[in-house]
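The values are calculated or read from the model by the stated rules, or taken from the named source; none is laboratory data. None of the values given here were measured: they were computed from a predicted structure. Glycine also receives a Cβ, built like all others from the backbone with ideal geometry; neighbour counts cover every protein chain displayed. Heavy atoms of the whole protein, side chains included, go into the accessibility calculation; ligands, DNA and RNA do not. Shrake-Rupley method; radii C 1.70, N 1.55, O 1.52, S 1.80 Å.
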Amino acid sequence: MTAQAGTGRTNQKQRTRTAIVAAARELIGTGAEVTMPTVAHAALVSEATAYRYFPDLPSLISEALAGVWPPPAEALAPVADSTDPVERIAFACEFLLRGILARQGSVRAMIAATITRPETVTNRPGIRFGLIEHALLPLQDTLGATDPEAFTQLERDLAVVVSAEALFTLTDLCGLDPEEAVSSAVRTAETLTRAAVRSTA
């Protein structure tokens, strides 16, 4: 094989990979269900080809979502000047849940895949954790300093609420419409954070 042929094949592989990721990203943006067959069809490749580049759906979705979510500081820019952790966590919770609603097909696919194959969970974006950490910055020098264990527990509690799982529980099992579900989760996040703030008073 000549060097030129080798380079050509490498370029073709990169184009194919790029096409698969672009197709996944576009499908994710519609909020529709995301599966390997639908992505392959949109990328004009076979499902087998898609699996040659990505061993499973979580790895594909993870790469397709790279750079789609802004970093925590950018996401929370509208409340950057606020020192109220309750206001900040409410904003973070709503930001995350509305983003999930906009991409829920891919989020549901990722959750389903990581439940059936727990070993793929490392491919799942941990957006919530960065948002929670940034939202709670005002508490780091108070509760975080005086009672680190309570601060860590608050972060864990919020990770349950500020999440896709909580959102889908409220919509799918409790029958709330998306707006009601977001409001309910935000109220719960505020309640947890407010209780922690009171404990430092």
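Tabulated data for the structure shown
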{"item": "Candidate set from the range 83-95 (those that are over 15 Å from Ile127 (Cβ atoms) and touching a residue at least 40 places away in the same chain (Cβ under 8 Å)); member that is most open to solvent (accessible area, probe 1.4 Å)", "result": "Thr83"}
{"item": "Qualifying residue in the range 53-72 (condition: more than 30 Å from Asn11 (Cβ to Cβ) and open to solvent by 60 Å² or more (accessible area, probe 1.4 Å))", "result": "yes"}
{"item": "Test: residue in the range 72-86 that is under 28 Å from Arg198 (Cα atoms) and either under 12 Å from the mean Cα position of the chain (by Cα) or at pLDDT below 95 (or both)", "result": "yes"}
{"item": "The listed residue being open to solvent by 50 Å² or more (accessible area, probe 1.4 Å) and in contact with a helix residue (DSSP H, G or I) (Cβ under 6 Å, 6 or more places away or on another chain), out of Arg187, Arg198, Arg194", "result": "Arg194"}
{"item": "Any hit, the range 87-103, residues being more than 30 Å from Thr16 (Cα to Cα) and out of contact with any helix residue (DSSP H, G or I) (no Cβ under 8 Å at 6 or more places or on another chain)", "result": "no"}
{"item": "Condition check for Ala112: closer than 23 Å to Glu133 by Cβ, open to solvent by 10 Å² or more (accessible area, probe 1.4 Å) and small (Gly, Ala, Ser)", "result": "no"}
{"item": "Residue under evaluation Arg98, criteria (1) loosely packed, with under 15 Cβ neighbours inside 10 Å; (2) touching a His at 6+ places or on another chain (Cβ under 9 Å), criterion not met", "result": "(2)"}
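The rows are residues; the columns are (1) open to solvent by 60 Å² or more (accessible area, probe 1.4 Å); (2) acidic (Asp, Glu); (3) closer than 14 Å to Leu96 by Cα.
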position	(1), (2), (3)
Ala145	yes, no, no
Ala150	no, no, no
Leu154	no, no, no
Ser163	no, no, yes
Leu170	no, no, no
Leu176	no, no, no
Glu179	yes, yes, yes
Ser183	no, no, yes
